[in-house]
1. Is there a residue being over 19 Å from VAL112 (Cα atoms), open to solvent by 30 Å² or more (accessible area, probe 1.4 Å) and of a type in the set (Phe, Trp, Tyr) anywhere in segment 33-40?
2. Are there any strands (runs of 3 or more DSSP E) wholly within segment 46-114 with 2 or more residues that are under 26 Å from VAL1 (Cβ atoms), without any contact (Cβ under 8 Å) to a residue 40 or more places away in the chain and open to solvent by 30 Å² or more (accessible area, probe 1.4 Å), and if so which?
3. Which number in (1) closer than 17 Å to GLN4 by Cα; (2) assigned to a strand (DSSP E or B); (3) not β-branched (Val, Ile, Thr) marks the one condition that ASN31 misses?
4. Please state which of the following conditions ASN26 fails to meet, knowing it meets all the rest: (1) without any contact (Cβ under 8 Å) to a residue 40 or more places away in the chain; (2) of a type in the set (S, T, N, Q); (3) in a strand (DSSP E or B).
5. Starting from residues that are closer than 20 Å to LYS63 by Cα and out of contact with any Gly (no Cβ under 7 Å at 6 or more places or on another chain), keep the ones in segment 13-32 and report whichever is least open to solvent (accessible area, probe 1.4 Å).
6. Checking LEU10 against (1) under 21 Å from ASN101 (Cα atoms); (2) among the hydrophobic types (A, V, I, L, M, F, W, C); (3) modelled with pLDDT of 95 or more; (4) loosely packed, with under 14 Cβ neighbours inside 10 Å, which test does it fail?
Amino acid sequence: VQLQASGGGLVQAGGSLGLSCVASGNIFSTNGMGWYRQAPGNQRELVAGIGSGGVTNYADSVKGRFTISRDNTKKSVFLQMNSLKPEDTAVYYCKAVIYGNVCWGQGTQVTVSS
C-alpha cells in the first residue's frame, strides 16, 4: 500500500493551492484520511482530517481557509488551501488508516512567500 501526494509548490500570500493524495495497492477502502504538516524545527501537526463518512475536523489555524474532501471510489483525499499565509509554509503529508494500519505519504512542500 502506498500513498502518493502531489500538488505542492510556491505561491504568494493570499493565493491558493490544492493538494491531492491517492492510495494505491490491493485495497478496497480507507478509513480516516487526513493532512498533516511539518515546518522546520516544529513537530508534525494535524491540518485537517476526514472520516470515511465525511465528517471533517480542522486545526484552528486553517479553519475557514482550508477544505478537506475525499473520493472513496478513488481512495483519494484532497486539501484545498485558500488565503495562504507565510506561516502555512511546511511539508504537507497525507495520512490514511487502511485496515487498521496507519500509512503516510511522502510529503509535498508548500511554500508561501510574503
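1. Just the residues of segment 33-40 that are over 19 Å from VAL112 (Cα atoms), to begin with: 33-34.
Checking the rest, the ones that are also open to solvent by 30 Å² or more (accessible area, probe 1.4 Å) come to none.
Checking segment 33-40: not a single residue is over 19 Å from VAL112 (Cα atoms), open to solvent by 30 Å² or more (accessible area, probe 1.4 Å) and of a type in the set (Phe, Trp, Tyr).
2. Values: elements: 56-58, 66-71, 76-81, 90-98, 101-104, 108-113.
In segment 46-114, 56-58, 66-71 are the strands (runs of 3 or more DSSP E) which contain 2 or more residues that are under 26 Å from VAL1 (Cβ atoms), without any contact (Cβ under 8 Å) to a residue 40 or more places away in the chain and open to solvent by 30 Å² or more (accessible area, probe 1.4 Å).
3. Answer for ASN31: the failing condition is (2).
4. Tallying (1) without any contact (Cβ under 8 Å) to a residue 40 or more places away in the chain; (2) of a type in the set (S, T, N, Q); (3) in a strand (DSSP E or B), ASN26 fails exactly one: (3).
5. Of segment 13-32, the ones closer than 20 Å to LYS63 by Cα are 13-20, 32.
Subsequent filtering for residues that are out of contact with any Gly (no Cβ under 7 Å at 6 or more places or on another chain) retains 13-16.
Working: ALA13: 53, GLY14: 56, GLY15: 18, SER16: 62 Å².
The residue in question is GLY15.
6. All conditions pass for LEU10, except number (1).
The values are calculated or read from the model by the stated rules, or taken from the named source; none is laboratory data. Since this is a predicted model, take the numbers as computed values, not measurements. So basically every Cβ, Gly included, is an ideal-geometry build from the backbone, and we count neighbours across all protein chains shown. These area figures cover heavy atoms from the full protein model, side chains too; ligands, DNA and RNA do not enter into them. Shrake-Rupley method; radii C 1.70, N 1.55, O 1.52, S 1.80 Å.
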